[in-house]
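Step one of this worksheet: look at the structure below.
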Protein chains: 2
Amino acid sequence: MASPKPPLPHHPVRGSTTGRPIMAILDLLGRRWSLRILWELRDEPLTFRALQGACDAVSPTVLQQRLKELRAARLISHDAGQGYGLSATARRLLPTLLALNDWAETWASEEEH
Amino acid sequence: MASPKPPLPHHPVRGSTTGRPIMAILDLLGRRWSLRILWELRDEPLTFRALQGACDAVSPTVLQQRLKELRAARLISHDAGQGYGLSATARRLLPTLLALNDWAETWASEEEH
DNA sequence: CTTTTGTGCTACTAAATATGTAGCACAGAA
DNA sequence: TTCTGTGCTACATATTTAGTAGCACAAAAG
């Protein structure tokens, strides 16, 4: 895996050189499994393998890569006892994720005619 | 580009067979440039090329692919005169995107010590 | 002590996806 | 007719992701 640099605010990222925080997070969350990982950790910390199971057996290569990036961005932290869990910063993102979930429900109800 | 099926609610998607709407949207928005495209269209419709420019010269291949998926999901529509714009459904997602932007600002302020 | 189980993690090859460049057909304006 | 701008496509290349196997370590069980 030729690992691209983890997107961080105030740094140029893939698709934007401005360093604007929104660009960094759009890059980070636009990578496969990033959003899903945050979603699966919304209730409680999970171990590497539990998280892997929750994400439909995502390959450990990518999971490891995403965890590394999310840790670099301080969105998740790793505690030897608990496993991987959302940081305080990431928990402030939870209402947004839940709003996304609510939105998805209405989106679904519109798809079915 | 071997195009994967566009994620839709009530259908199995990459990473989840449940058909739950949140899984479809996590798959869709987790593809490169998806979130960015919605973000760039937040204020007004853009033509293909304007959108391409806004997204840091993203290659037309991928842009075309994403637009196709987002149209299949009824998140964006194409009007001959206007270009590409958010659907009514997608506009209801805008507060969430703006919340993400706000969150990113505080996230950034925490990174710099 | 020896085995078993669970942890995080890595190497390696193959497949899928994104990138970059060039260019097409069409429409409207000059 | 020529010039722009539109949406879009082909193709070769590079990057990212997937899939499989397995490692070292630690704690618990036998």
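A short reminder: the numbers here are calculations on the coordinates, not readings from a lab. Source: prediction; values computed, not measured. In this analysis, Cβ positions are derived from the backbone assuming ideal geometry, glycine residues included, and neighbour counts consider all displayed protein chains.
³J(HN,Hα) across region A:96-103 via Karplus (A = 6.51, B = -1.76, C = 1.60, θ = phi - 60°), whole Hz, x for Gly/Pro?
With the stated coefficients, region A:96-103 comes to 5, 5, 5, 5, 4, 5, 4, 4 Hz.
For chain A, what's the relative contact order in percent, using C-alpha pairs closer than 8 Å and at least 6 residues apart?
Details: 112 pairs, mean separation 23.5, N = 113.
Contact order relative to length: 21 percent.
At B:E44, with labels set 7 Å past Cα in the Cβ direction, how many nm apart are the copies from this one, shortest first?
Relative to the other copies, B:E44 has label-point distances of 5.1 nm.
Assigning unit charges at the beta carbon (Lys, Arg +1; Asp, Glu -1) and nothing else, what dipole magnitude in debye, to the nearest 20, does region A:53-96 show about its Cα centre?
Using only the charged Cβ atoms, the result is roughly 200 debye.
Given +1 on the Cβ of Lys and Arg, -1 on the Cβ of Asp and Glu, and no further charges, what dipole in debye does the protein assembly as shown carry about its Cα centre, rounded to the nearest 20?
660 debye
Just to confirm the numbers: B:S109, label point 7 angstrom along the Cα-Cβ line, distances to the other copies in nm, shortest first?
Label-point separations across copies, in nm and ascending: 3.6.
Kindly list the residues of region B:31-60 that lie in the label zone of B:E112, defined by a backbone N under 11 Å from the point 7 Å along the Cα-to-C-beta vector.
none
Under a cut-off of 19 Å between alpha-carbon atoms, report the lysines in cross-link reach of A:K5, not counting same-chain residues fewer than 8 places apart.
A:K68
Okay, helix-only estimate at 222 nm for the protein assembly as shown: each DSSP H run of n ≥ 4 adds -39500 (n - 2.57), divide by all residues, round to 500 deg cm²/dmol; what do you get?
Helix contribution divided over all residues of the protein assembly as shown: -15000 deg cm²/dmol.
Please work out the Kirkwood hydrodynamic radius for chain A, using every pair of different C-alpha atoms, and report it in angstroms with one decimal place.
It works out to 15.0 Å.
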